[in-house]
1. Does any residue in the range B:50-63 that is free of Cβ contacts under 8 Å to residues at least 24 places away in the same chain and closer than 15 Å to B:A114 by Cα come within less than 9 Å, Cβ to Cβ, of a residue that is of a type outside the set (A, V, I, L, M, F, W, C) and in a helix (DSSP H, G or I) six or more places away or on a different chain, and which pairs are these?
2. Of everything in the range A:58-70, what is within 18 Å of A:A115 (Cβ to Cβ) and either of a type in the set (G, A, S) or surrounded by fewer than 19 Cβ atoms within 10 Å (Cβ to Cβ) (or both)? Give them in sequence order.
3. Kindly evaluate A:L79 against the criterion of being more than 13 Å from every other protein chain (Cβ to nearest Cβ) and under 21 Å from the mean Cα position of the chain (by Cα).
4. Is it the case that B:I147 is surrounded by 17 or more Cβ atoms within 10 Å (Cβ to Cβ), under 30 Å from B:F57 (Cβ atoms) and of a type in the set (V, I, T)?
5. Can you confirm whether A:G131 is in a helix (DSSP H, G or I), in contact with a helix residue (DSSP H, G or I) (Cβ under 6 Å, 6 or more places away or on another chain) and within 14 Å of chain B (Cβ to nearest Cβ)?
6. Pick out the one residue from A:E170, A:E88 that is of a type outside the set (A, V, I, L, M), in contact with a strand residue (DSSP E or B) (Cβ under 8 Å, 6 or more places away or on another chain) and more than 14 Å from chain B (Cβ to nearest Cβ).
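Since every read-out is calculated from the coordinates, none of them should be taken as a lab result. Keep in mind the model is a prediction, meaning the values are calculated, not measured. Positions of Cβ are backbone-derived with ideal geometry, glycine not excepted, and every protein chain shown enters the neighbour counts.
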Amino acid sequence: MKKFLKWIMDENPLFVLCLGMCPALAVTTTFENGYLMGLSVLIVLLFSNIVVSLISKVIDNHIRIPAYIMIIATFVTILEIIINTYVEPLSKTLGIYLPLIVVNCIILGRALSYASNNKVVPSIIDAFKIGLGYTFALSLIGLVRELLGNNTITIMDRISNLTGYIMKYEIFPSNSVIPNQLFLSPAGAFLTMGLLLGIINALRREDIK
Amino acid sequence: MNLISLFITSILVENIVLTNFLGMCPFFGLSNKEKGSVGMGLSVILVVTMSSLVTYFLYYNVLVPSHTEYLKTILFILVIASFVQLLDIMIKKFFKSLYEIMGIYLPLITTNCAVFGIVLLNIQNDYTIAEVMAYSLGSSIGFMLVIYVFSTIRERLENAPIIKSFKGLPIAFVTASIMALLFTRYIGG
């Protein structure tokens, strides 16, 4: 349990290093969008880490960054095509933030700082560690925003034609709570993120003591 | 849409940082320095406007006729990356004083989502060439405006009495939230 908490709080790419923030705030209007975006990043990170760790010896140091960006862009394009064909509603919600995974600092950051000087297996483990932490953070933001802004929690809606289920629940009885639309707007995204960061900081402070 | 209103809208009401969350890393990373924010803003304006034009021509004259629209992600990032390199070399050679202001920020722009995002939005919204110019100029000016205003606010925040765990980034996010509220409510009264 302690290890789990440490993983969430001290090594989380989003909450601690503040990397990869654009998608974290833009698409997390529902819980579902949050974890699906996180998983997309995880998939791209996994494959780019594998390829980078395999060929980093061959690539000259001067062209490292452009070469890695091209590798990442290739995997993002593959993912884009797959999502466009199989889960069309999802590609509409993610919109430009799906191709924007290319410039997500987490992926390039891991490729430069970890995968390029490590072997394949540690790089895969690293991709899962970072990717799952990121997914967790995104789902948390999505959960808070959807609950406060819409009084629902969506687990499966956009991907329902793939799985065959729609799972969307109303949490509080609808006449007792008035959801605040602010949390679905950009301003609410910043606010949620700021409050979450503050709370996590406070928890970490106590932990150190 | 009317060009002038598109221009003004993209600066204020639909500011890319505050409504589309593009260019967040420099927004929070660099914006605690007033000078840095101006340098970054200027470089973004230059790169965005130029690469919008280049990618627009490439998309409609190369990708669309050959039915390879799905390659746009790879092509655009390649254009931006090589463009930044080119600009870096050219400015270093011909405009020494300008290089001192924005030199260190140029390489960072390749991975700045604002540039890539605006280029993608140009295509997604089916803009004409005049609209592309208005939109990319407007939103990059908007980027510079917001990042500059934000940096001045953050300098004051450093000396403000804030709860310890909210110091730094958390309070910056809350500030950004209030700014977003103000900017997006510019429409009508």
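1. none
2. A:V58, A:I59, A:D60, A:N61, A:I63, A:R64, A:I65, A:P66, A:A67, A:M70 - these are the residues of the range A:58-70 that are within 18 Å of A:A115 (Cβ to Cβ) and either of a type in the set (G, A, S) or surrounded by fewer than 19 Cβ atoms within 10 Å (Cβ to Cβ) (or both).
3. On the way: more than 13 Å from every other protein chain (Cβ to nearest Cβ): no; under 21 Å from the mean Cα position of the chain (by Cα): yes.
It is false that A:L79 is more than 13 Å from every other protein chain (Cβ to nearest Cβ) and under 21 Å from the mean Cα position of the chain (by Cα).
4. Answer is yes for this residue.
5. So A:G131 does not fit the description; no.
6. Answer to the check: A:E170.
One line per residue, one yes/no per condition, for (1) farther than 21 Å from B:Q124 by Cβ; (2) assigned to a helix (DSSP H, G or I); (3) not hydroxyl-bearing (S, T, Y):
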{"site": "A:V58", "(1), (2), (3)": "yes, no, yes"}
{"site": "A:A67", "(1), (2), (3)": "yes, yes, yes"}
{"site": "A:I78", "(1), (2), (3)": "no, yes, yes"}
{"site": "A:K92", "(1), (2), (3)": "no, yes, yes"}
{"site": "A:G95", "(1), (2), (3)": "no, yes, yes"}
